[in-house]
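Colleague: Attaching a single structure in structure tokens format; questions to follow.
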Amino acid sequence: MSVFPCSTETARAVAHALFALEFVGELEGHDYDLSAFSGKDLATMVEPLPDARLLPVLGHLVGQVEGQWGVSITVVFSHMSLDTEAEKFTALLDLCLGCLGHGVSIADSHQERLTSAEAVLGRPLPPCPLATDYEGFSELAQEVYDERFVTNPDRKAA
């Protein structure tokens, strides 16, 4: 059974989107010209990583959220009636972005459904259940930056 409230493909897409955001931030911190990223979907601009590197980082964050909510995200998503992988993608991405301090939350796209799940479960489900200093995605971005550019300085960004 998956630790994720969605398919592995959707979890991979969420993890990659979070990684891409941090990786572009890492490039920016090293004064790379980011004009190629302007107005584009970062997830399509950044080279994907293998599941073995991405999914554990997302799994750790999911575990932290579940610890705060006191219930599995899969159960919450079920009570939110998130039936499609697209809905689960948006909800999980927004939930993670909020927890990582990016100024959005699951309530931005699914407030009514989250309120419905709270009623069914009889417990509050804060849309941003933790303000974490979890550095998993930023540490991964630094590691990949080092692999790609410190050991291979002639390589182009992304």
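The values are calculated or read from the model by the stated rules, or taken from the named source; none is laboratory data. Remember, predicted model here, so these are calculated numbers, not experimental data. Cβ: placed from backbone, ideal geometry, glycine included. Neighbour counts: every protein chain shown.
Colleague: Counting only residues that are over 24 Å from Ala107 (Cβ atoms), give me the helices (runs of 4 or more DSSP H) lying completely in region 1-83 with at least 1 of them. Can you show your working first?
Modeller: Values: elements: 8-29, 42-45, 51-69, 73-79.
Once the helices (runs of 4 or more DSSP H) in region 1-83 are filtered for at least 1 residues that are over 24 Å from Ala107 (Cβ atoms), what remains is 8-29, 42-45, 51-69.
Colleague: For residues in region 33-62 being small (Gly, Ala, Ser) and modelled with pLDDT of 80 or more, which is surrounded by the fewest Cβ atoms within 10 Å (Cβ to Cβ)?
Modeller: Filtering first and then ranking leaves Ala52.
Colleague: Is region 117-137 home to any residue that is hydroxyl-bearing (Ser, Thr, Tyr) and in a helix (DSSP H, G or I)? Spell out the reasoning first.
Modeller: Step one: of region 117-137, the residues hydroxyl-bearing (Ser, Thr, Tyr) are 132, 134.
Right, trim to in a helix (DSSP H, G or I) and you get none.
Looking for residues that are hydroxyl-bearing (Ser, Thr, Tyr) and in a helix (DSSP H, G or I), one finds none in region 117-137, hence no.
Colleague: With the requirement that a residue be free of Cβ contacts under 8 Å to residues at least 60 places away in the same chain, crowded, with 16+ Cβ neighbours inside 10 Å and out of contact with any Ser or Thr (no Cβ under 6 Å at 6 or more places or on another chain), what does region 127-140 give you?
Modeller: none
Colleague: Here are some residues: Val3, Val14. Which one is β-branched (Val, Ile, Thr), in contact with a Gly (Cβ under 9 Å, 6 or more places away or on another chain) and either in contact (Cβ under 8 Å) with a residue 12 or more places away in the chain or closer than 14 Å to Gln142 by Cα (or both)?
Modeller: Details: Val14 fails: in contact with a Gly (Cβ under 9 Å, 6 or more places away or on another chain).
Within the list Val3, Val14, the selection yields Val3.
Colleague: Need pairs with beta-carbon distance below 8 Å; first residue without any contact (Cβ under 8 Å) to a residue 12 or more places away in the chain and at positive phi and within region 100-119, second part of a helix (DSSP H, G or I) and surrounded by 13 or more Cβ atoms within 10 Å (Cβ to Cβ); sequence gap 6+ or separate chains.
Modeller: Short answer, once both residue conditions are applied: Gly103/Leu97.
Colleague: Can you tell me which residues in region 7-27 are surrounded by fewer than 13 Cβ atoms within 10 Å (Cβ to Cβ) and of a type in the set (D, E, K, R)?
Modeller: Listed by number, the list holds a single entry, Glu9.
Colleague: Identify all residues within region 97-107 that are within 10 Å of the chain's Cα centre (by Cα) and either in a loop (DSSP other than H, G, I, E, B) or at pLDDT 95 or above (or both); write none if there are none.
Modeller: Within region 97-107, Leu100 is the sole residue that qualifies.
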